[in-house]
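Here's the structure we're looking at; comments come further down.
The values are calculated or read from the model by the stated rules, or taken from the named source; none is laboratory data. Values in this document were obtained by computation on a predicted structure and should not be read as measured data. For neighbour counting, all protein chains shown are included, and Cβ atoms are generated from backbone atoms with ideal geometry for every residue, glycine included.
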Amino acid sequence: MNAIAGPSVEFRIIPLAGFFWIVAPMYLFLSIAVFVRLYTLARRGNRDAQLFLIPFFLSLVVESVLSVVTALYSSGLVNFQGTMTLYRGSHFDVSWEQLFTTLSYFAVGAVLVLRFARSARQEQRLGAEMEAARRVQGQLVPVDLPQLKAFTCEAAYRAASEVGGDFYQVFPRSDGSALVLVGDVSGKGLRAAMLGTLIVGAAGALAQENLAPEEMLNRLNRHLCGRTDGGFATCLCALLQRDGALTIANAGHLPPYRNGRELSCDPGLPLGIVPAARYTETREQLCLGDALTFLSDGVVEARSAAGELFGFDRTRDISQQPAAQIADTAARFGQEDDITVLTVTVSSLSATV
């Protein structure tokens, strides 16, 4: 039987020495390029690059020496064993590779310890900053409100994060009236809280001048413009007289509810955007037992797990409930932002002098 001869296939394999002489320069070029980039970042102050520069350099030396020596050995130019041996004893040998690798491990370990220590310090500092921020938050949303002769005030605040930008203040006046300020700073976190502190501080100083709500917002807006670092704040200012007269000026905030009915008022521009912005006043006459509900958009914008907004209709339906109950209802529905509710009930009326 004749053998069937198949097609002849010839494999050409690059010599081992040639392979290592190709790999060694490629590895050296790649390692040096990465090292130069790491060194450049370290020179620019990149902390992580500075920490890893030394261990990477040690690893680069180890691998570079191995690549070159392996190429030389495969070409028969050096004795591999003799070249890589640093110490030869009767019981054990120590090679340059083992030494550099050990030093590299020690360096990486030192870097990890330093990074852990740095992270611990940062966490401690962050904890201190957050504690300070929470104290600041207490000034923006005070638990204890002033006792007023003609009005009963209740407030509830539910934070969406550690600190937020919602704020409310009640400033009693010597004539028995009270100025109410409710607002919401754009953004979240410490930056929003700091801007809220700036607003509340300025409002506290201006409240001593017994300004009308319109002028209060005008002055606050001029004070904030150029100091918000790109932020802004919505704010509603209401003056309640002891005879039930209500005057409201609004800077882009949600209008309040009176006995479950949303009051109509000009929204105006938020504070801190346009220095020349002007605000107008809306007047109402309250009766004994009337309840005003001021709130932040965290109530309206609460969102369920299915993506449904709490909305204005639900907000109106619960607007006559106690402040804490309104806040809890919105939070249970699906809180996404800070929730602030302030209720003011007319407890007595008297004629103004």
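For the structure I just gave you, tell me whether A193 is within 17 Å of D338 (Cα to Cα) and either among the basic types (K, R) or part of a strand (DSSP E or B) (or both). When the stated conditions are applied, A193 does not pass them.
One residue alone among L66, L58, L30 is touching a residue at least 24 places away in the same chain (Cβ under 8 Å) and farther than 30 Å from A117 by Cβ, and that residue is L66. Selection of region 30-52 for residues being of a type outside the set (S, T, Y) and either loosely packed, with under 15 Cβ neighbours inside 10 Å or outside any helix (DSSP H, G or I) (or both) yields L30, I32, A33, V34, V36, R37, R43, R44, G45, N46, R47, D48. Just the residues that are charged (D, E, K, R) and closer than 30 Å to L349 by Cα, please, taken from region 159-179. Matches in region 159-179: R173, D175.
Among the residues of region 266-289, is any assigned to a strand (DSSP E or B), of a type in the set (S, T, N, Q) and under 19 Å from A160 (Cβ atoms)?
So far as region 266-289 goes, no, none of its residues is assigned to a strand (DSSP E or B), of a type in the set (S, T, N, Q) and under 19 Å from A160 (Cβ atoms).
Take the conditions (1) crowded, with 16+ Cβ neighbours inside 10 Å; (2) at pLDDT 75 or above; P55 misses just one of them, which is (2). Selection of region 302-336 for residues being in a helix (DSSP H, G or I), in contact with a strand residue (DSSP E or B) (Cβ under 9 Å, 6 or more places away or on another chain) and among the basic types (K, R) yields only R316.
Once region 263-300 is narrowed to residues that are under 20 Å from V141 (Cα atoms) and among the hydroxyl-bearing types (S, T, Y), the residue that is farthest from the chain's Cα centre (by Cα) is T293.
Does V9 count as modelled with pLDDT under 70, assigned by TED's automatic domain parsing to the domain that holds Q98, part of a loop (DSSP other than H, G, I, E, B) and out of contact with any strand residue (DSSP E or B) (no Cβ under 6 Å at 6 or more places or on another chain)? Against the criterion (modelled with pLDDT under 70, assigned by TED's automatic domain parsing to the domain that holds Q98, part of a loop (DSSP other than H, G, I, E, B) and out of contact with any strand residue (DSSP E or B) (no Cβ under 6 Å at 6 or more places or on another chain)), V9 does not qualify.
Taking A120 as the residue in question, decide whether it is among the aliphatic types (A, V, I, L, M), loosely packed, with under 13 Cβ neighbours inside 10 Å, in a helix (DSSP H, G or I) and under 22 Å from the mean Cα position of the chain (by Cα). Judged against the criteria, A120 is a match.
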